[in-house]
Amino acid sequence: MLIDARGKACPGPVMMADEALSRMQEGIVEVIVDNEEASLNLRGYAAQHGMASDASREGTDWKVRIVKGYVCQPGSTSGVRGPELTAKLRGLMLIVGTDTLGKDEELGKMLMKGFFETMKVHRQAPHTLFLLNAGVRLTTTNADTVPVLKEIEAMGTEIYSCGTCLKHYGLEKELKVGKRGTTNHIIEGMQDFEKVVWI
């Protein structure tokens with residue numbers, strides 16, 4: 001079965017694949033997407049559900065093949081987290097959904113910068129930092145937080161900014177720290193981390 005999920009925002013491609021796979025006991029679903037993040041999201045979904053997958057670049061698109069119910073392995077799943085890689089829980093995942101702390105915007109931006117600076121000084125950085133909604137401004141256009149977040153990233157923290165949010169705010173080309181992420185990171189975080197904190 002071939003699914004054209006180009007132009008679909010996260011988690012649309014995964015939902016389309018899940019619906020198709022739920023209707024078959026075994027078989028192969030191929031999904032065409034127009035960005036690499038969506039292809040990784042699909043492969044992560046496959047690994048989480050014990051299914052093999054592979055992906056190939058076709059021009060400006062990606063084709064992800066997910067195999068359900070067969071013994072065969074269509075390709076390597078290196079770089080995609082599966083159950084065997086997530087058996088050991090990690091420490092802390094921090095999800096930031098705003099670019100301010102509190103309701104006063106000017107004060108809130110100062111507090112947010114101070115929050116990350118304190119984190120850096122005390123070396124209490126999370127394993128993973130995921131930014132969504134207005135929080136993606138912290139890794140793109142906020143000149144005060146970008147340098148601090150780069151230092152936190154250098155300490156070993158994995159930093160992801162929501163791809164859909166970057167697109168919504170017109171900031172896809174402005175990402176200065178970390179990588180584009182998807183809601184799949186949040187779902188995995190609920191399973192893979194000892195603690196998930198939202199601010």
Report summary line: Of all DSSP beta bridges with both partners in region 2-81, the antiparallel percent, nearest 5, is 80 percent
Report summary line: Partner lysines whose C-alpha sits under 16 Å from that of K195, ignoring same-chain residues fewer than 8 away, are K88
Query raised in the report: Kirkwood hydrodynamic radius of region 1-48 from all distinct Cα pairs, in Å?
Result: 10.7 Å
Report summary line: Listing S56, S161, S22, S39 by rising number of other beta-carbon atoms within 10 angstrom, fewest first, gives S22, S56, S39, S161
Report summary line: Expressed in nanometres to one decimal, the distance between label points 7 Å along Cα→Cβ at V121 and E172 is 4.0 nm
Requested in this report: Can you pull the one-decimal nm distance between simple spin-label points at E19 and K150, each 7 Å off the Cα toward Cβ?
Outcome: 4.4 nm
Report summary line: Within the set T118, T139, T60, GNM on the chain using Cα springs under 10 Å gives the largest fluctuation to T60
Query raised in the report: Where nothing but the Cβ of Lys and Arg (+1) and of Asp and Glu (-1) is charged, how large is the charge dipole of region 90-198 around its Cα centre, in debye to the nearest 20?
Result: 160 debye
Report summary line: For region 116-199, inverting the pair-averaged 1/r of distinct alpha-carbon atoms gives a Kirkwood value in Å of 13.0 Å
Report summary line: Cα pairs beyond 21 Å in region 2-81, in percent, come to 17 percent
Query - Bridge type composition, the chain - antiparallel percent by DSSP, nearest 5 - result: 40 percent
**Report entry** Helix-only CD estimate at 222 nm, as mean residue ellipticity for the chain, using -39500 (n - 2.57) per DSSP H run (n ≥ 4)
**Finding:** -10000 deg cm²/dmol
Query raised in the report: In whole angstrom, how far apart do the alpha carbon centroids of region 1-76 and region 169-199 sit?
Result: 21 Å
Report summary line: Given a Förster distance of 41 Å, the FRET efficiency implied by the Cβ-Cβ spacing of D61 and K195, rounded to the nearest 0.05, works out to 0.60
Query - Greater than 24 Å apart at Cα, pairs in K109/K176; K8/K113; K63/K167; K120/K179 - result: K8/K113
Query - Three-way shape call for the chain based on the alpha-carbon gyration tensor, with the a/c threshold at 1.5 - result: prolate
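Coordinate-derived values only; no laboratory data. On a predicted model such as this, the values are computed, not experimentally measured, just so you know. Quick reminder, even Gly has a Cβ in these numbers, built from the backbone with ideal geometry, and neighbours come from all protein chains shown.
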